[in-house]
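The values are calculated or read from the model by the stated rules, or taken from the named source; none is laboratory data. This is a predicted model, so every value here is computed, not measured. As a convention, Cβ positions derive from the backbone with ideal geometry for all residues, glycine included, and neighbour counts pool all protein chains shown.
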Amino acid sequence: MIPAAVVGVGQTHHKTRRLDVSFGGLVREAVFRALDDAQMTMDDIDAVVLGKAPDLFEGVMKPELYLSDALGAVGKPMFRVHTAGSVGGSTAIVAASHVQAGKHKTVLAVAFEKQSEGNAQFALGSGRGASLGAGGAFAPFIRSYIHRSGAPEHIGWKVAVKDRLNALKNPYAHLKIEDISIEKVKNSPMMWEPIRFLESCPSSDGACAAVITDEEGARGRTPAWILGTSSRSEPPSFPGRDPVRPQACLQCAQDVYAQAGITRPRQQLDMAELYVPFSWHEPMWLEAHFITEEGDGWKMVDDGSTELGGSFPVNCSGGVLSSNPIGASGLLRFAEAANQVRGVAGEHQVEGARTALAMAYGANSQYFSMWVVADRLDPFG
Amino acid sequence: MGTSTDIAVVGWAQTEMVRHTELSETQLLVRAITAALEPLGLTRADVDFTCLGSCDYITGQAFSFVGNLDAIGAWPPKRDSHVEMDGAWALYEAWLRLQEGDIEIAVVTGSGRSSTGDPALIYPMEMDPFFLAPIGADPLTFAALQARAVIAAGIADERSMAEVAVRSRGKGSVDELLADSYVRQPLRRHDVPPITDGAAAMVLATGERARRLVERPAYITGFDHRTECHNPSFRPLDDSPSTRIAAEAAGLGDGPVEVAELQAAFTHEELLLRSVLGLGDDVVVNASGGALRANPIMATGLCRIGHAADHIFGGGTRALAHSTSGPCLQQNLICILEGRS
């Protein structure tokens, strides 16, 4: 397998409504930032991989057809991925695969969602009504987690505050809640017991792009080497399936760690960007990624370990809780992890970060995608 | 560029192709996948990677592919992906994935039940939402525009188009068909594809494993796809540059092919593609009947690759398969399959 690295990352300023740009304008904003970061132009790109969540969100079917011009893909391969909420992660993985398989030298991964064009809640139910929405679907899993772990209720509030404080350091983040506090989260309206309004992700317009290239392409640039990529899917529901600790998540994490040579994730990883659309997913995912023992995830939140200055920082960008253009949210995790090990994360940089984990998940906690990136090819060598 | 990993098609299956089925898309896929695996002595547990190709707008539901996980048997969980493209592109992703060298068997699918919707309502939604979608032009209209350009360029005429229809469907006579009235000038009913429900599944294997599974694997020796400018009015409709680039990148010119399976849903598309690909009269085109006989959207391209693989399984040496997406052949894929003695 040919080594591949991220050498350029770009994203839009995420907002509730980006009325100033079309779909094409939105993706180009992210793409040009990624190309500038990589010190490349569209001429250097051999193939484009586009990811986004359901086309029904915007009402444009297979938008990669319309976006081929805006993405500079004319005359090039243009590939479209859709794996539900994990799609942004899958986009990065498929783009990396183009390089790792030796098919292309330099590939552009792009993901976007322009949620203001439609109504995500409506589309989630395919326009048939009776849609629970993501919060409604995940609340029972969260209640189950709380029941099993005995976590106190302030854990969810703490995650919500931490990620919004991190977002204040991220110029691209959607939510900028200057006066965020435990009190404010705790007093926000209850949405889906036990998830309160401020423990929920926003609905954003936004895009993200990443340039992935081979060893030669990475020379003279600032690379985040891709040490491992993995994806796993499992069926929607059946007795015995555990959506709090999904088998697909556990296997995906084990697979990506094995590829990266990680045996002690808590020690060997310097930070993680985990897909946390509702605050309680942070402790759940810490456990399901073997970063801590089952039942202990909430303790890492409680003792401040996952804060920017903590021993295992999580979602330093502000995470999905601060910016959520659904199709792009996964790629944002993967790109932010890359920026951390490239040392270019700006104000929300984890000092000395050399290795990072990124994950995205989708549907009813069924689709998982992950990668581990590092500032060198053999960080544990 | 490229690695030395051999990757081959070792089997495939399609469901019955019908105007309308009462089976769900998941049920279609259960049948197709089982039918593709069983003759190889494989079960779903042997499959290391799956990639499904389908389209929410054809199914009429957001996240429609999620339920199809039941068809691949994703328990225990599977390495899995999904493309909002024809199964031919799902095959492309699996082909890349297998080249990473850590896994051996992949299953890819394409599936769609077009009968539940009206193409004239659905397809305008894949056009540029600002300048083209509001016009509401349906696929027949765009195809007719391209047919006019192809005829004007001398690549086709209404008679040669009718000949394609007769050969593909194996019925009727050219004179009979030409007596019919236009659906959209210059297209008559015989020039346009049927509406079809169906699914296809294909099994891929790497080098040694492929040789142990079947006597004559259909090795993928060239695979490429390219896109073009979206707006048909900014493109030369009497040409298909993306097909030409993809064919060159896939190495079509490295040797002769005996058969070609082209995803030509309209008769003039076959004539245009033959011309762009430089296929002579010695190449057997769309012996399967092509998309004019059965057009299960999102599986039509994968079926082309399947029929090309059948040619290799049956002793053939080299075959070409083509798939397309978008208005007026916007995006094109070329896959070259070879047999080895």
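Any chance the range A:68-79 includes a residue that's in a strand (DSSP E or B), under 25 Å from A:Ser369 (Cα atoms), at pLDDT 95 or above and within 7 Å of another protein chain (Cβ to nearest Cβ)?
Step one: of the range A:68-79, the residues in a strand (DSSP E or B) are A:74, A:78-79.
If we keep only those that are under 25 Å from A:Ser369 (Cα atoms) too, we end up with A:78-79.
When the remaining residues are screened for being at pLDDT 95 or above, the result is A:78-79.
Pick out the ones that are also within 7 Å of another protein chain (Cβ to nearest Cβ) and you get A:78-79.
For the range A:68-79, residues in a strand (DSSP E or B), under 25 Å from A:Ser369 (Cα atoms), at pLDDT 95 or above and within 7 Å of another protein chain (Cβ to nearest Cβ): present.
So, of the residues in the range B:50-61 that are surrounded by fewer than 23 Cβ atoms within 10 Å (Cβ to Cβ) and closer than 28 Å to A:Gln251 by Cβ, which turns out to be modelled with the lowest pLDDT?
B:Gln61
Can you confirm whether the range B:300-315 contains a residue that is part of a loop (DSSP other than H, G, I, E, B) and surrounded by fewer than 21 Cβ atoms within 10 Å (Cβ to Cβ)? Can you show your working first?
Filtering the range B:300-315 down to residues part of a loop (DSSP other than H, G, I, E, B) leaves B:314-315.
After this cut, where a residue has to be surrounded by fewer than 21 Cβ atoms within 10 Å (Cβ to Cβ) as well, the list is B:314-315.
Among the residues of the range B:300-315, at least one is part of a loop (DSSP other than H, G, I, E, B) and surrounded by fewer than 21 Cβ atoms within 10 Å (Cβ to Cβ), which makes the answer yes.
Taking the condition crowded, with 22+ Cβ neighbours inside 10 Å and in the same structural domain as B:Thr34 (by TED's automatic domain parsing), does B:Val203 pass? So that I can check it myself, show each step before the final result.
On the way: crowded, with 22+ Cβ neighbours inside 10 Å: yes; in the same structural domain as B:Thr34 (by TED's automatic domain parsing): yes.
Against the criterion (crowded, with 22+ Cβ neighbours inside 10 Å and in the same structural domain as B:Thr34 (by TED's automatic domain parsing)), B:Val203 qualifies.
Residue-wise test of (1) at pLDDT below 95; (2) in a strand (DSSP E or B); (3) in contact with a strand residue (DSSP E or B) (Cβ under 7 Å, 6 or more places away or on another chain); (4) over 25 Å from B:His82 (Cα atoms).
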residue: A:Ser237; (1), (2), (3), (4): yes, no, no, no
residue: A:Val256; (1), (2), (3), (4): no, no, yes, no
residue: A:Glu282; (1), (2), (3), (4): no, no, yes, yes
residue: A:Lys299; (1), (2), (3), (4): no, no, no, yes
residue: A:Thr306; (1), (2), (3), (4): no, no, yes, yes
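When you check B:Pro124 against the structure, is it under 24 Å from A:Ala70 (Cβ atoms) and more than 10 Å from chain A (Cβ to nearest Cβ), yes or no? First the steps, then the outcome.
Numbers: under 24 Å from A:Ala70 (Cβ atoms): yes; more than 10 Å from chain A (Cβ to nearest Cβ): no.
In short, no.
Restricting to the range A:18-77, what's the tally of residues that are among the acidic types (Asp, Glu) and farther than 19 Å from B:Gln331 by Cβ?
From the range A:18-77, those among the acidic types (Asp, Glu) are A:20, A:29, A:36-37, A:43-44, A:46, A:55, A:58, A:64, A:69; that's our starting set.
Now restrict to residues that are farther than 19 Å from B:Gln331 by Cβ: A:20, A:29, A:36-37, A:43-44, A:58.
Matching residues across the range A:18-77 total 7.
Working only within the range B:256-291, note down all residues that are without any contact (Cβ under 8 Å) to a residue 40 or more places away in the chain, β-branched (Val, Ile, Thr) and assigned to a loop (DSSP other than H, G, I, E, B).
Result: B:Val283, single match.
Condition (residue is under 30 Å from A:Lys105 (Cβ atoms) and touching a residue at least 24 places away in the same chain (Cβ under 8 Å)) applied to the range A:167-175: is it met by at least one residue?
Of all residues in the range A:167-175, those under 30 Å from A:Lys105 (Cβ atoms) come to A:172.
Next, only the ones that are touching a residue at least 24 places away in the same chain (Cβ under 8 Å) stay: A:172.
Within the range A:167-175 (the criterion being under 30 Å from A:Lys105 (Cβ atoms) and touching a residue at least 24 places away in the same chain (Cβ under 8 Å)), the answer is yes, since at least one residue qualifies.
Just to check your reading of the model, which residue among B:Arg159, B:Arg189, B:Arg212 is touching a strand residue (DSSP E or B) at 6+ places or on another chain (Cβ under 7 Å) and surrounded by fewer than 18 Cβ atoms within 10 Å (Cβ to Cβ)?
Criteria check complete, one pass: B:Arg189.
Given the criteria of a type in the set (S, T, N, Q), surrounded by fewer than 17 Cβ atoms within 10 Å (Cβ to Cβ) and assigned to a helix (DSSP H, G or I), does B:Thr26 qualify? Talk me through it step by step, then tell me what you get.
Details: of a type in the set (S, T, N, Q): yes; surrounded by fewer than 17 Cβ atoms within 10 Å (Cβ to Cβ): no; assigned to a helix (DSSP H, G or I): yes.
Against the criterion (of a type in the set (S, T, N, Q), surrounded by fewer than 17 Cβ atoms within 10 Å (Cβ to Cβ) and assigned to a helix (DSSP H, G or I)), B:Thr26 does not qualify.
Could you pull out the residue among B:Ala13, B:Ala8 that is away from chain A (no Cβ under 11 Å), surrounded by fewer than 22 Cβ atoms within 10 Å (Cβ to Cβ) and part of a strand (DSSP E or B)? Spell out how you get there, then give the answer.
Values: B:Ala8 fails: surrounded by fewer than 22 Cβ atoms within 10 Å (Cβ to Cβ).
None of the others qualify; the one that does is B:Ala13.
Take the residues of the range B:215-243 that are part of a strand (DSSP E or B) and within 14 Å of chain A (Cβ to nearest Cβ): which is surrounded by the fewest Cβ atoms within 10 Å (Cβ to Cβ)? Break it down into steps so the answer makes sense when it comes.
So in the range B:215-243, the residues part of a strand (DSSP E or B) come out as B:218-227.
In the following step, the residues that additionally are within 14 Å of chain A (Cβ to nearest Cβ) were identified as B:220-227.
Numbers: B:Ile220: 23, B:Thr221: 18, B:Gly222: 22, B:Phe223: 23, B:Asp224: 22, B:His225: 29, B:Arg226: 27, B:Thr227: 28.
Per the criteria, the residue is B:Thr221.
Considering A:Glu216, A:Glu183, A:Glu178, which residue is assigned to a helix (DSSP H, G or I), surrounded by fewer than 21 Cβ atoms within 10 Å (Cβ to Cβ) and without any contact (Cβ under 8 Å) to a residue 24 or more places away in the chain? Please lay out each step first, then the result.
On the way: A:Glu216 fails: without any contact (Cβ under 8 Å) to a residue 24 or more places away in the chain; A:Glu178 fails: assigned to a helix (DSSP H, G or I).
The unique qualifying residue is A:Glu183.
Quick check, is A:Ala337 buried (at least 24 other Cβ atoms within 10 Å of the Cβ), among the hydrophobic types (A, V, I, L, M, F, W, C) and under 11 Å from the mean Cα position of the chain (by Cα)?
Numbers: buried (at least 24 other Cβ atoms within 10 Å of the Cβ): yes; among the hydrophobic types (A, V, I, L, M, F, W, C): yes; under 11 Å from the mean Cα position of the chain (by Cα): yes.
For A:Ala337, the condition - buried (at least 24 other Cβ atoms within 10 Å of the Cβ), among the hydrophobic types (A, V, I, L, M, F, W, C) and under 11 Å from the mean Cα position of the chain (by Cα) - is met.
Tell me which residues, restricted to the range B:80-114, are among the aliphatic types (A, V, I, L, M) and either outside the structural domain of B:Val203 (by TED's automatic domain parsing) or in a helix (DSSP H, G or I) (or both). Talk me through it step by step, then tell me what you get.
Filtering the range B:80-114 down to residues among the aliphatic types (A, V, I, L, M) leaves B:83, B:85, B:88, B:90-91, B:94, B:96, B:98, B:103, B:105-108.
Those that are among the aliphatic types (A, V, I, L, M) and either outside the structural domain of B:Val203 (by TED's automatic domain parsing) or in a helix (DSSP H, G or I) (or both): B:Ala88, B:Ala90, B:Leu91, B:Ala94, B:Leu96, B:Leu98.
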